[in-house]
Ligand code: HEM
């Protein structure tokens, strides 16, 4: 538990860590850091980086000491003040406004059929153009974007708009270099989202459907909160399903034994999903800020300390997971940190599991016979705040 700093250890500095190295491959860095201490001051990112499972877990379950309402947050500048940067009770009011739209019953009644239809549509296009493709940009990204567009109720936008909005606003959220061009693109997207919301809300008030925006249209929620929460959900609900889909396919195609096991027993796809997000957490790091002097797993932290909660590192903590660097669907089941925890636990976890584990993965392996990595073009991965495949060239046997 957290407590006032007493005989806690001073936090070591890791001045050897660079953003470029984290972006390329954070995992060897996390391993070295974790072996020394659960928390480091990392000058390159201007944050205390939390890398042990236990410390990440403590932070996400104690909003009194570890606030999500970060000072000078770039996310607030790029997207407005969403639920993700609020503590309770303010956070709870916004979170409640999402109602049951993203929950299992609504998924079963409404979204499952839509996800299936979207997957069919993009797979049919792949097959028509095959027998090879970049699975990220020709399947995973448009599939995730189209699902999210429909769930959110952006009937006046395209899946391409969703992808552009998501990426440019995420770039704004990470614009620590204060690049004016990045801000310009992010602000343009933010204005486009505002305009789309202004246009669609009256339409959905008149003709409500099952979407998030339709639910919000009938509630006494301030427009600023609707706008900010929609932008955060566009930023947070698209890349992650895309990235877990890419990582899961890549991991299976790189581990023939496990692929054969799943092909023989498709009920294992949910296990593949959970192991994929443990192995490479799509959101690898998220911020928090201390509200007072405190102690975290024996380490001293001052009030106002900006933390980077590296759940991507916690998910590979050998104190919790044996042989943590290895992708292994047969490892003993233990809770991972990929969906966060506490009051900000991912609101879209059921949507992600349904759309990726229950629909996309089985349909993909079923539709594309003898799916394999393209021997001439290696797959690439990158990122640490968000991590996933940047390309996944594959080939299959065209019937
Ligand atoms: C594999 C896919 C996904 C992963 C790994 C993921 C991960 C996360 C994480 C780690 C957080 C907490 C961040 C923090 O505490 O600062 C979060 C929050 C959130 N996620 Fe997801 N997410 C995924 C998919 C989705 C989808 C598909 C949606 C929407 C349809 C979504 C909507 C949200 C929302 C609204 C929050 C904010 C919750 C709150 O503040 O109470 N996520 N997600």
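Answer yes if at least one residue in segment 84-107 is away from the ligand (no atom under 15 Å from the Cβ), assigned to a helix (DSSP H, G or I), under 20 Å from the mean Cα position of the chain (by Cα) and surrounded by fewer than 20 Cβ atoms within 10 Å (Cβ to Cβ), and no otherwise. Looking through segment 84-107, none of the residues is away from the ligand (no atom under 15 Å from the Cβ), assigned to a helix (DSSP H, G or I), under 20 Å from the mean Cα position of the chain (by Cα) and surrounded by fewer than 20 Cβ atoms within 10 Å (Cβ to Cβ). Of 262, 244, 193, 249, all but one fail to be within 12 Å of the ligand (Cβ to nearest atom) and either in a helix (DSSP H, G or I) or under 30 Å from residue 365 (Cβ atoms) (or both); the exception is 244.
Filter segment 20-49 for residues that are loosely packed, with under 15 Cβ neighbours inside 10 Å, under 22 Å from the mean Cα position of the chain (by Cα) and assigned to a helix (DSSP H, G or I) and give the result. Selection gives 20, 21, 23, 24, 28. Of the set (1) away from the ligand (no atom under 12 Å from the Cβ); (2) in a helix (DSSP H, G or I); (3) surrounded by fewer than 23 Cβ atoms within 10 Å (Cβ to Cβ); (4) touching a residue at least 40 places away in the same chain (Cβ under 8 Å), all apply to residue 366 but (4).
Looking at this structure, is residue 381 under 20 Å from the mean Cα position of the chain (by Cα), touching a residue at least 40 places away in the same chain (Cβ under 8 Å) and more than 16 Å from the ligand (Cβ to nearest atom)?
On the way: under 20 Å from the mean Cα position of the chain (by Cα): yes; touching a residue at least 40 places away in the same chain (Cβ under 8 Å): yes; more than 16 Å from the ligand (Cβ to nearest atom): no.
So residue 381 does not fit the description; no.
Of all residues in segment 50-64 being more than 15 Å from the ligand (Cβ to nearest atom) and surrounded by 17 or more Cβ atoms within 10 Å (Cβ to Cβ), which is farthest from the chain's Cα centre (by Cα)? Restricting to residues being more than 15 Å from the ligand (Cβ to nearest atom) and surrounded by 17 or more Cβ atoms within 10 Å (Cβ to Cβ), the top hit is 52.
No lab work stands behind these numbers, since they all come straight from the coordinates. Note that the coordinates shown come from a computational prediction; the quantities given were computed from them, not determined experimentally. Positions of Cβ are generated from backbone atoms using ideal geometry, with glycine treated the same way; all protein chains shown enter the neighbour counts.
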